[in-house]
Structures are given as structure tokens and as C-alpha cells.
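I have placed the structure first, in the form of C-alpha cells, so that the comments after it can refer back to it.
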Amino acid sequence: STVHRQPSVNLDPQLLQAAHKGDRKAQYALYRCCFPVLMAVCMRYKRDQQEAASAVNNGFLKIIQNLDRYKRDDVPFQAWIRRIMINTVIDEFRREKKWRELT
């Protein structure tokens, strides 16, 4: 049987620090590094790749905006970004549901 491995993030702490300081190249490198993990999360909840990619972009913005809150000693980075991504998808579902109820 085939073992399905989850994508993982190999994180350079200096990259994280540079991204936190607003270095756009570092943020883009962090995006590329995290994308497979974030996309895997979104594909579980979204109908297609386009919706999933849109959710990844929304979630990644939240990750960048909240890098100052990340505590390396408390939780692994991959677990932290997965939680943000799941919360982003849940928020989108709530907004879509509310919008459908209004129309």
C-alpha cells in the first residue's frame, strides 16, 4: 500500500525573522516554503484548486500579519500555520453561509 506523506515545512529561522521584519523576498520565500502544507489543508475543505489557492493566499496574509505572535517554544511552526489556515477556511465558510442566507 502507498503511504500518503503530508507535506512538511523545512523552516530557516533567519527566513522567518526576515519575513517578520517585512523583507518581501523573505516573505515570498516563506510563501513558497509553506504553500504545499497550506494547499493540502485547503484542498480538504474547498471544492477546487482555485478556491483552495484563494484561501491559501488569505491565510498566508494572516500568517504574515501575525508572525510577531508566533512563539517558537510553544508550538511547531507547521502546526501554527495549519491552525491559522483551518481558521481561515472556517471563517470563509461562515461568511459564505451568511451571504447565502441574505440572498
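Some points to look at:
- You will find that of Ala19, Ala40, the residue that is under 30 Å from Lys97 (Cα atoms) and among the hydrophobic types (A, V, I, L, M, F, W, C) is Ala40 and no other.
- Residue list for region 42-100, restricted to those being farther than 21 Å from Asp12 by Cβ, among the β-branched types (Val, Ile, Thr) and either out of contact with any Cys (no Cβ under 8 Å at 6 or more places or on another chain) or free of Cβ contacts under 8 Å to residues at least 12 places away in the same chain (or both): Ile86, Thr88, Ile90
- Some residue of region 47-64 being surrounded by 10 or more Cβ atoms within 10 Å (Cβ to Cβ) and of a type in the set (Lys, Arg): yes
- Residue check: Met43 meets all listed conditions (1) more than 18 Å from Phe93 (Cβ to Cβ); (2) surrounded by fewer than 17 Cβ atoms within 10 Å (Cβ to Cβ) but one, namely (1).
FYI, it's all coordinate maths here, none of it is from the lab. These numbers were taken from a predicted model, which means no experiment stands behind them. Here Cβ is always computed from backbone atoms with ideal geometry, including for glycine, and neighbour counts include all displayed protein chains.
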